[in-house]
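None of the figures in this text is laboratory data; all of them are computed from the coordinates on show. For clarity, every value in this text was computed on a predicted model and none was experimentally measured. No Cβ is skipped: glycine too gets one built from the backbone with ideal geometry, and neighbour counts run over all protein chains shown.
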Amino acid sequence: MRAAIKGAFDTMKEELDDHREAINENSNEISANYEFLVQLDNKIDKLSERIDNMQLSIDEATGKTQRKIELTRTEQRVFLFLYTLPEKISPEMITEKLGMKVEQVTEVIKNLITKGVSLIQEFHDNVAYISLERGFREKHAKENLVKLDTSVLLEELQIVKNRVTI
């Protein structure tokens, strides 16, 4: 009986050794594949960078510049309002400040996003809050991405001035 048990354990030991060897071989293969994927990813990053540089060169050579985002007067008012606010604001607060209907503000926000204005929408306690994405705000400040009508700017400045003096 002892010999039978010893034989069974020896068989199990051989099977476990075979299994361990297979696992080690698979681990080595996985490691080699991972290293290959890392190298491939680095090469893709370099290619992407080269393509971006080539596109910039082509744009400069052809005089092609980034198109400005064109907005309606109402969209410009909401954009300017969001642009001048450092914090998030709810659409209801925008309606209150700009004297618009909630549905109109909601539609304008959708239009701004569709036209390429980067807005961030967050929910707190089931209330939506909107803000202009910081990177977009900085890029607009440098490159004037959104085409703004000076009459809208002057109207909004007058509204802000009236709010401050009241």
Percent antiparallel among DSSP beta bridges with both residues in the chain, to the nearest 5? 80 percent
Once you've got the GNM for the chain with C-alpha springs shorter than 10 Å, pick whichever of E155, E103, E25 has the biggest mean-square fluctuation. E25
Do the alpha carbons of any pairs in K46/K142; K43/K115; K88/K142; K43/K88 sit beyond 30 Å of each other, and which pairs? K43/K115; K43/K88
Would you mind telling me which residue in D125, D18, D149 has the biggest mean-square fluctuation in a Gaussian network model of the chain, where springs connect alpha carbons within a distance under 10 angstrom? D18
Alpha carbons only, please: Rg and Dmax for segment 1-65, in angstrom. 27.7, 91
Please check the chain for the longest run free of trypsin sites (Lys or Arg not before Pro) that are loop-located per DSSP (anything but H, G, I, E, B) and have at most 11 other Cβ atoms within 10 Å. 102-166
How much length would be gained if the chain were fully extended between L154 and E25, taking 0.36 nm per residue of separation minus their Cα-Cα distance, in nm to one decimal? 39.2 nm
Cβ-derived FRET efficiency at R0 45 Å, F36 paired with K68, nearest 0.05: 0.50
Please list, in chain and number order, the residues 5+ apart from V146 or on another chain whose amide H is under 5 Å from its amide H, with Hs placed from the backbone. I69
Can you work out ³J(HN,Hα) from phi for every residue in segment 37-42, in order, using Karplus 6.51 cos²θ - 1.76 cosθ + 1.60 and θ = phi - 60°, giving whole Hz and x for Gly and Pro? 5, 5, 4, 5, 4, 4
Of A32, A128, A61, the one that fluctuates the most in a GNM where the chain has Cα springs shorter than 10 Å: A32
If you plug each phi of segment 22-30 into the Karplus form 6.51 cos²θ - 1.76 cosθ + 1.60 with θ = phi - 60°, what whole-Hz ³J(HN,Hα) values come out, in order, with x for Gly and Pro? 4, 5, 4, 5, 5, 4, 5, 5, 4
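Once you keep just the Cα pairs under 8 angstrom separated by 6 or more residues, what percentage relative contact order results for the chain?
23 percent
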